[in-house]
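The values are calculated or read from the model by the stated rules, or taken from the named source; none is laboratory data. It should be emphasised that the depicted structure is a prediction, and the values quoted were computed from it without experimental measurement. When we count neighbours, we look across all protein chains shown, and the Cβ atoms used for this are built from the backbone with ideal geometry, even at glycine.
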């Protein structure tokens, strides 16, 4: 079974297989993915074109404590119907994992259509997404937001302030209320809205989480394209020119989906309700155990010797000395299994190590 590696624009050749397997995706969303996102990918395929099976790795820059690491998000795992149950997916996944190990990636993550598919490969859930919805009875508040998008009334009024010759074309303190990013970019191109979103998000996430995607201007430019492909936008709440909250809004087949809501403090967006229940969406698998362990910190110094079993990435198996400190970890692989205090399976380490996570990425 020959596996071929494809990269960047070459990944576009797999669109036919994406459309066949992920047929529920809208044409607009698939267009967005193959026009913009797929160019970032590394892909693996089996068979000459038209391919029998495929798997993509999408790079994301993750903030892991104080360290930034480019981590692969596994996506687009698909096999043509007539070639399923022949071991293609297993071959692709193991091949990708081996390459990631050689690249010393600490872990990988994915959003499973069915967790049972990935559990045999030692993936386990590490993140449950909060569920947000519009409060019943507060529809008028949200309707005003949508109306503002359609009529551009609130921003057009601010447009008269351009004669004040400030940096943005308006006085910052006059920017109050909720505005869609598309209109801010159109009417006030001098406002560095994407940079402001990135700074705000990183500030909020740093206070609350240990692991999250580091936000950049490029990240939000891509998120905006993704939202627009789903008939949505990014809505930003300003108070006297400062961002206080924002949310990613999408609407497909009359169903509203809030992919992400970030607030300076909970409850600022009073027309959005955060449910008590969460939904497991992201699974992860440790790839290079030593590299993963080096990233762990602990307020109180701890020392342990344990034996790890990894039946799929054999180089991870063995006995480790692990000294965790406040500024990082010291890791050493030992030869003597008699010293091990504990025995663990690699699948149990992902939820143990990868804690306090915030990952809402879809593709």
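Before moving on, here are some points about what is shown:
- Residues of the range 242-252 classified as within 12 Å of residue 200 (Cβ to Cβ) and either outside the structural domain of residue 224 (by TED's automatic domain parsing) or surrounded by fewer than 19 Cβ atoms within 10 Å (Cβ to Cβ) (or both), total: 2
- Residue that is free of Cβ contacts under 8 Å to residues at least 24 places away in the same chain and either over 26 Å from residue 64 (Cα atoms) or in a strand (DSSP E or B) (or both), where the choices are 191, 256: 191
- For the range 325-343, taking the residues that are out of contact with any helix residue (DSSP H, G or I) (no Cβ under 8 Å at 6 or more places or on another chain), touching a residue at least 12 places away in the same chain (Cβ under 8 Å) and closer than 26 Å to residue 102 by Cβ, the one that is surrounded by the most Cβ atoms within 10 Å (Cβ to Cβ) is identified as 334.
- Residue 105, sole failed condition from (1) closer than 25 Å to residue 295 by Cβ; (2) without any contact (Cβ under 8 Å) to a residue 40 or more places away in the chain; (3) not in a helix (DSSP H, G or I): (2)
- Some residue of the range 108-115 being closer than 30 Å to residue 251 by Cα, within 19 Å of the chain's Cα centre (by Cα) and at pLDDT below 95: yes
Residues checked against (1) assigned to a strand (DSSP E or B); (2) more than 30 Å from residue 223 (Cα to Cα):
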position	(1), (2)
275	yes, no
298	no, yes
304	yes, yes
307	yes, yes
320	yes, yes
323	yes, yes
350	no, no
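- Among residues of the range 46-57 that are on the phi > 0 side of the Ramachandran plot and in the same structural domain as residue 75 (by TED's automatic domain parsing), those with a Cβ under 8 angstrom from a residue that is in a strand (DSSP E or B) and at pLDDT 95 or above, sequence gap 6+ or separate chain, pair up as 47/53.
- Subset of the range 213-229 (residues that are touching a helix residue (DSSP H, G or I) at 6+ places or on another chain (Cβ under 7 Å), buried (at least 20 other Cβ atoms within 10 Å of the Cβ) and more than 14 Å from residue 200 (Cα to Cα)): 224, 226, 229
- Residue match in the range 305-314 (condition: touching a strand residue (DSSP E or B) at 6+ places or on another chain (Cβ under 9 Å), exposed (fewer than 15 other Cβ atoms within 10 Å of the Cβ) and over 25 Å from residue 100 (Cα atoms)): no
- Extreme residue, farthest from the chain's Cα centre (by Cα), among residues of the range 258-270 that are surrounded by 16 or more Cβ atoms within 10 Å (Cβ to Cβ) and under 20 Å from residue 128 (Cβ atoms): 263
- Yes/no for residue 56 being under 17 Å from residue 347 (Cα atoms), in contact with a strand residue (DSSP E or B) (Cβ under 6 Å, 6 or more places away or on another chain), modelled with pLDDT of 95 or more and buried (at least 16 other Cβ atoms within 10 Å of the Cβ): no
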